[in-house]
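Peer 1: Sending over a structure as structure tokens; questions will come in a sec.
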Amino acid sequence: MEIMDLIRQRHSVRRYLDKPIEESARNVIDDYVGEIRKQSGLNIKVCYDEPKAFQTLLAHYGSFRKAVNYIAFIGKKEDDTKVGYFGEAIVLKLQGIGINSCWVAVSYSKRKTPIELQEGEDILSVVSFGYGETQGVNHRSKRYEDVTEVNGEKPSWFDLGIEAALLAPTAVNQQKFKIVCDNGKVTIKKNGKGFYQGIDLGILKYHFEAATGQKVEVIK
């Protein structure tokens with residue numbers, strides 16, 4: 001399936017069926033996460049059939065139901081953009097094998113996870129995953145002109161990159177970013193203050209680059 005099809009199809013899903021991940025799908029996930037570990041240098045843990053992390057009031061108020069599978073991204077604060085970039089690659093891989101997911105910032109308990117942290121490490125974010133009760137819905141989105149700044153001529157692929165970026169998940173759907181095209185050079189940067197913006201910028205970078213095949217710079 002083409003990457004833009006996956007980007008358009010994928011929506012955040014917080015409620016899952018009481019259905020375990022099959023062994024064949026686990027093998028695909030574990031192999032791909034292993035590849036991402038090597039590429040990124042990130043410490044990434046996959047937890048299956050582990051309900052404790054989402055047995056919290058925050059998870060309840062966040063509408064998480066039967067969230068027993070998740071991927072934890074562990075590192076230092078400065079790794080946040082890398083987490084967003086490589087984590088979104090995993091999210092879209094999950095979508096490609098028919099598994100729903102949701103980026104999670106605070107609606108889980110770090111203390112209840114079985115993950116042992118080294119000194120200086122933290123769980124920067126997790127992605128819950130499973131077979132969704134639904135396939136999710138489109139999120140409210142800003143307009144093209146709200147998130148772009150173009151100086152000089154823009155490349156033919158720029159608009160496709162913006163479409164992909166506007167479909168990217170961001171914390172509480174804040175979409176506080178600006179994508180600047182300066183005579184063909186593209187930069188993604190923050191636009192105002194918000195939550196977990198480093199991770200958001202990494203997700204945006206992955207969407208833009210995966211859709212267009214072009215490299216972009218991130219300014220945190």
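Peer 1: How big is the shadow of the Cα convex hull of region 76-137, averaged over all directions, in nm²?
Peer 2: In nm², the orientation-averaged hull projection of region 76-137 is 5.2.
Peer 1: Projecting each Cα onto the charge dipole of region 74-220 (Lys/Arg +1, Asp/Glu -1 at the beta carbon, about the Cα centre), which of 150, 90, 160 comes out farthest on the positive side?
Peer 2: 150
Peer 1: Okay, next question. Would you work out the relative contact order for region 114-220, in percent, from Cα pairs under 8 angstrom that are 6 or more residues apart?
Peer 2: 25 percent
Peer 1: Rounding to the nearest 20 debye, state how big the charge dipole of region 102-203 is about its Cα centre with +1 on each Lys and Arg Cβ and -1 on each Asp and Glu Cβ.
Peer 2: Numbers: 13 positive and 13 negative charges, 66 e Å.
Computed about the Cα centre, the dipole is about 320 debye.
Peer 1: So if the hydrodynamic radius of the chain is defined as the Kirkwood radius over C-alpha pairs, what does Stokes-Einstein give as its diffusion coefficient at 20 °C and 1.002 mPa s, in µm² per second?
Peer 2: Calculated translational D: 121 µm²/s.
Peer 1: Mind checking region 79-145 for trypsin sites (Lys or Arg not before Pro) that DSSP puts in a loop (not H, G, I, E or B) and that have at most 11 other Cβ atoms within 10 Å?
Peer 2: Answer by residue number: 111, 140, 143.
Peer 1: Related question: For region 1-82, what does the relative contact order come out to in percent, with C-alpha contacts under 8 Å and a separation of six or more? Working shown, then result.
Peer 2: Working: 62 pairs, mean separation 28.2, N = 82.
Once divided by the residue count of region 1-82, the mean separation gives 34 percent.
Peer 1: Using a 1.4 Å probe on the protein heavy atoms, what percent of the accessible area of the chain belongs to carbon and sulfur? Walk me through the intermediate numbers first.
Peer 2: Numbers: 5410 of 11220 Å².
After summing per-atom areas, the C and S share lands at 48 percent.
Peer 1: Nothing charged except the Cβ atoms of Lys and Arg (+1) and of Asp and Glu (-1): what's the magnitude of the dipole of the chain about its Cα centre? Round to the nearest 20 debye.
Peer 2: Details: 32 positive and 29 negative charges, 140 e Å.
Value, rounded to 20: 680 debye.
Peer 1: Per residue of region 191-199, in order, report the coupling 6.51 cos²θ - 1.76 cosθ + 1.60 (Karplus, θ = phi - 60°) as ³J(HN,Hα) in whole Hz, putting x for Gly and Pro.
Peer 2: Those phi angles translate into 9, x, 8, x, 8, 6, 5, x, 5 Hz.
Peer 1: Moving on. Charges at C-beta only: +1 for Lys and Arg, -1 for Asp and Glu. How large is the resulting dipole of region 74-122 about its Cα centre, in Debye rounded to 20?
Peer 2: Roughly 220 debye, rounded to the nearest 20.
Peer 1: Just to check I understand the Karplus step: with θ = phi - 60° and J = 6.51 cos²θ - 1.76 cosθ + 1.60, what whole-Hz values come out for region 93-110, glycine and proline as x?
Peer 2: Residue by residue, region 93-110 yields 5, 4, 4, x, 10, x, 10, 7, 7, 7, 5, 10, 9, 10, 7, 7, 9, 4 Hz.
Peer 1: With the contact rule set at Cα under 8 Å and sequence spacing of 6 or more, what percent relative contact order holds for the chain?
Peer 2: Answer for the chain is 24 percent.
Peer 1: Got a sec? Which residues in region 66-103 would a label at residue 9 touch, if it sits 7 Å along Cα→Cβ and we count backbone N under 13 Å?
Peer 2: 92-101
Peer 1: Going by amide H atoms built from the backbone, whose H comes under 5 Å of the H on residue 43, apart from near neighbours?
Peer 2: Here 74 satisfy the definition.
Peer 1: Going toward the positive end of the dipole of the chain, with +1 on Lys and Arg Cβ and -1 on Asp and Glu Cβ, which of 53, 9, 101 do you reach last?
Peer 2: Towards the positive end, the residue furthest out is 53.
Peer 1: Still on this structure, please answer the following. Of all chymotrypsin sites (Phe, Trp or Tyr not before Pro) in region 25-93, which ones are in loop regions per DSSP and have a Cβ with at most 16 other Cβ atoms within 10 Å?
Peer 2: Those satisfying the criteria are 48.
Peer 1: Tabulate in residue order the Karplus-calculated ³J(HN,Hα) for region 209-219, using 6.51 cos²θ - 1.76 cosθ + 1.60 with θ = phi - 60°, rounded to whole Hz; enter x for Gly and Pro.
Peer 2: Values, residue by residue: 5, 5, 6, 9, x, 10, 7, 10, 9, 10, 10 Hz.
Peer 1: Separate question: When N counts the residues of region 119-220, how does its alpha-carbon radius of gyration compare numerically with 2.2 N^0.38 Å, as a ratio?
Peer 2: 1.16
The values are calculated or read from the model by the stated rules, or taken from the named source; none is laboratory data. All figures in this text were calculated on a predicted structure; none of them were measured in a lab. Reconstructed Cβ throughout: ideal geometry from the backbone, glycine too, with neighbour counts over all protein chains shown. Quick note on the areas: whole protein, heavy atoms, side chains included, nothing else; ligands and nucleic acids left out. Shrake-Rupley method; radii C 1.70, N 1.55, O 1.52, S 1.80 Å.
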